[in-house]
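Beneath this line is the structure, given in structure tokens, with notes to follow.
The values are calculated or read from the model by the stated rules, or taken from the named source; none is laboratory data. Bear in mind the structure is a predicted one, so any value in this text is a computation, not a measurement. Every residue, glycine as well, gets a Cβ built from its backbone with ideal geometry; the counts of neighbours run over all protein chains shown.
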Ligand code: SLL
């Protein structure tokens with residue numbers, strides 16, 4: 001069948017984000033809840049990476065349903081029916097709860113794609129970000145950041161934890177390629193149009209301060225360049241460290257040789 005023909009050598013990708021937002025429940029909400037021990041309301045989602053203009057939603061400008069058939073969120077076993085299948089957009093689950101845990105996110109593609117489902121993992125983040133840096137010569141692991149009181153956490157506003165990713169299709173079927181090219185993704189803005197902060201990520205601790213100024217974060221294409229620069233800088237540092245340790249090793253080997261000679265029985 002002609003539409004079962006793979007287009008060899010072609011790769012095409014679609015940018016997505018996955019992650020969660022969380023807010024502290026107000027005392028009134030807690031009182032009326034069936035679960036008095038629940039402290040937060042959260043939403044875990046898979047969305048297109050670009051945010052709609054003037055929107056309070058992170059990502060989601062494009063509807064992913066043309067290539068995504070189902071997103072399965074596997075919640076912690078403390079939840080009733082922990083496996084949640086979402087078959088139409090928005091591909092998200094909202095719940096209340098008290099604890100952070102790992103969510104398994106399985107994305108199934110439309111049948112005509114012929115693609116296998118992919119599995120992603122997201123650590124549900126409820127508590128505000130804080131970064132504790134290990135000191136360069138520290139011998140102990142830094143202490144776990146303290147969880148602020150609900151009142152203080154509420155003052156900090158919603159918590160956002162989002163990961164940018166690209167779903168790559170290699171050698172796609174001809175009809176699937178046509179489907180994808182008929183739905184080009186809305187490009188990311190170069191820099192944030194409405195001065196939104198970039199989403200905080202542990203790989204970029206410097207972004208913490210900006211993300212705490214509040215506002216809904218937004219992914220931009222400048223982030224990609226900045227990440228490439230950070231990787232380049234980190235690579236440079238590692239090469240320097242490698243050279244430093246190599247010369248230390250050479251010195252030590254020389255010393256070992258010298259000491260071994262001293263120990264060797266005289267002829
Ligand atoms: C923890 N390992 O101990 C984690 C588990 C589970 C969170 C967190 C809801 C439970 C319910 C809920 O928040 N589960 O339905 O009441 O922190």
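Below is a table of values for the structure above.
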read-out: Flag for residue 158 being modelled with pLDDT under 85 and either surrounded by 12 or more Cβ atoms within 10 Å (Cβ to Cβ) or closer than 21 Å to residue 114 by Cα (or both); value: no
read-out: Residues that are in a loop (DSSP other than H, G, I, E, B) and touching a strand residue (DSSP E or B) at 6+ places or on another chain (Cβ under 7 Å), drawn from region 85-96; value: 87, 90
read-out: In region 111-152, the residues that are modelled with pLDDT of 95 or more, under 24 Å from residue 98 (Cβ atoms) and part of a loop (DSSP other than H, G, I, E, B); value: 124, 125, 126
read-out: Residue tally, condition more than 17 Å from residue 10 (Cα to Cα) and crowded, with 18+ Cβ neighbours inside 10 Å, over region 171-209; value: 9
read-out: Hey, residue 166 farther than 30 Å from residue 25 by Cα, touching a helix residue (DSSP H, G or I) at 6+ places or on another chain (Cβ under 7 Å), surrounded by fewer than 17 Cβ atoms within 10 Å (Cβ to Cβ) and modelled with pLDDT of 90 or more or not; value: no
read-out: Selection count where residues are surrounded by fewer than 16 Cβ atoms within 10 Å (Cβ to Cβ), within 12 Å of the ligand (Cβ to nearest atom) and in contact (Cβ under 8 Å) with a residue 40 or more places away in the chain, scope region 15-39; value: 3
read-out: Lone qualifier among 103, 107 - being within 16 Å of the ligand (Cβ to nearest atom) and on the phi < 0 side of the Ramachandran plot; value: 103
read-out: Residue check, residue 54 loosely packed, with under 14 Cβ neighbours inside 10 Å, modelled with pLDDT of 95 or more and more than 20 Å from the chain's Cα centre (by Cα); value: no
read-out: Residues (more than 14 Å from the ligand (Cβ to nearest atom), farther than 16 Å from residue 165 by Cβ and outside any loop (DSSP other than H, G, I, E, B)) located in region 52-84; value: 65, 66, 69, 70, 72, 83
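Each row is one residue, and each column tells you yes or no for (1) modelled with pLDDT of 85 or more; (2) not assigned by TED's automatic domain parsing to the domain that holds residue 15.
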position: 172; (1), (2): yes, no
position: 175; (1), (2): yes, no
position: 193; (1), (2): no, no
position: 201; (1), (2): yes, no
position: 205; (1), (2): no, no
position: 209; (1), (2): no, no
position: 248; (1), (2): yes, yes
